[in-house]
1. Does any residue of the stretch 149-161 turn out to be touching a residue at least 24 places away in the same chain (Cβ under 8 Å) and touching a His at 6+ places or on another chain (Cβ under 6 Å)?
2. Are there any pairs, at least 6 apart or on different chains, whose C-beta atoms fall under 8 Å, with the first in the stretch 12-28 and in a helix (DSSP H, G or I) and the second surrounded by 12 or more Cβ atoms within 10 Å (Cβ to Cβ) and among the aromatic types (Phe, Trp, Tyr), and if so, which?
3. Exactly one condition in (1) under 22 Å from LEU184 (Cβ atoms); (2) surrounded by 14 or more Cβ atoms within 10 Å (Cβ to Cβ); (3) over 11 Å from the mean Cα position of the chain (by Cα); (4) at pLDDT 85 or above is false for ASP49; which is it?
Amino acid sequence: MKLYILTQNQYMFMGLKHLLCFYLDRECIQLDPKDETNIDIYRSSSASDIFFVIPDGEYLDLLSLIHLHHSHSPVLIANNDIAWKVSAVFDFSPLPQKFMLGDILHGLCFLKIKKKLIQFPRMTEREKKVLLLVKKGYAIPRISSLMNIKRKTALHHQLNALKKVGIKKTHHIFKLPKNYIRYLCGPVDTTA
């Protein structure tokens with residue numbers, strides 16, 4: 001029975017370790033969210049293990065999130081402005097951004113053990129093209145000229161695509177998990 005805490009914040013880990021070892025009588029192990037060797041740990045985890053993801057500025061890549069979803073263990077994720085959408089897509093148990101001990105214990109009592117299929121958003125081909133161009137840093141006038149559509153239409157596609165991935169502003173696109181946009185859009189030709 002282990003509690004894996006995915007964070008790079010050493011102070012956060014030590015505080016959680018001190019609290020949770022006392023209340024839960026579990027071994028707490030810190031995992032680096034960027035480390036690719038964690039995938040073996042995700043695969044070999046048992047149903048009694050728990051993963052606690054704290055996105056503290058360093059966001060997980062898509063492959064890690066998929067492997068966490070397919071692990072046999074329940075996953076808690078601390079919410080921030082982007083993580084709530086990720087927790088909904090991967091069916092993780094969410095916690096508030098500024099969580100306290102009561103929130104953690106409440107979240108542990110109501111963990112989602114049976115996970116649903118991953119629910120990626122559905123987007124049209126134009127929305128995919130616009131989303132990739134937005135990620136490259138293009139503005140609406142440039143996108144409309146590249147795709148040969150009106151600015152109003154390009155803006156509408158941009159707003160729909162951003163809404164579907166769970167963000168409101170274009171500069172928040174870099175807070176999404178690594179490779180998430182590329183995976184959603186698949187092989188799309190963005191040149192025309």
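1. Looking through the stretch 149-161, none of the residues is touching a residue at least 24 places away in the same chain (Cβ under 8 Å) and touching a His at 6+ places or on another chain (Cβ under 6 Å).
2. Close Cβ pairs (under 8 Å, with a partner that is surrounded by 12 or more Cβ atoms within 10 Å (Cβ to Cβ) and among the aromatic types (Phe, Trp, Tyr)) amount to LEU16/PHE52.
3. Status for ASP49: all satisfied but (1).
Results for (1) in contact with a helix residue (DSSP H, G or I) (Cβ under 9 Å, 6 or more places away or on another chain); (2) buried (at least 17 other Cβ atoms within 10 Å of the Cβ); (3) part of a helix (DSSP H, G or I), shown as yes or no for each residue.
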{"residue": "LYS98", "(1), (2), (3)": "no, no, no"}
{"residue": "LEU111", "(1), (2), (3)": "no, no, no"}
{"residue": "ILE118", "(1), (2), (3)": "yes, no, no"}
{"residue": "ARG122", "(1), (2), (3)": "yes, no, no"}
{"residue": "VAL134", "(1), (2), (3)": "yes, yes, yes"}
{"residue": "PRO141", "(1), (2), (3)": "yes, no, yes"}
{"residue": "LEU146", "(1), (2), (3)": "yes, no, yes"}
{"residue": "LEU159", "(1), (2), (3)": "no, no, yes"}
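The values are calculated or read from the model by the stated rules, or taken from the named source; none is laboratory data. Just so it is clear, the structure is predicted and the values come from calculations on it, not from any experiment. A quick note on method: Cβ atoms are made from the backbone with ideal geometry, for glycine too, and the neighbour counts reach across all protein chains shown.
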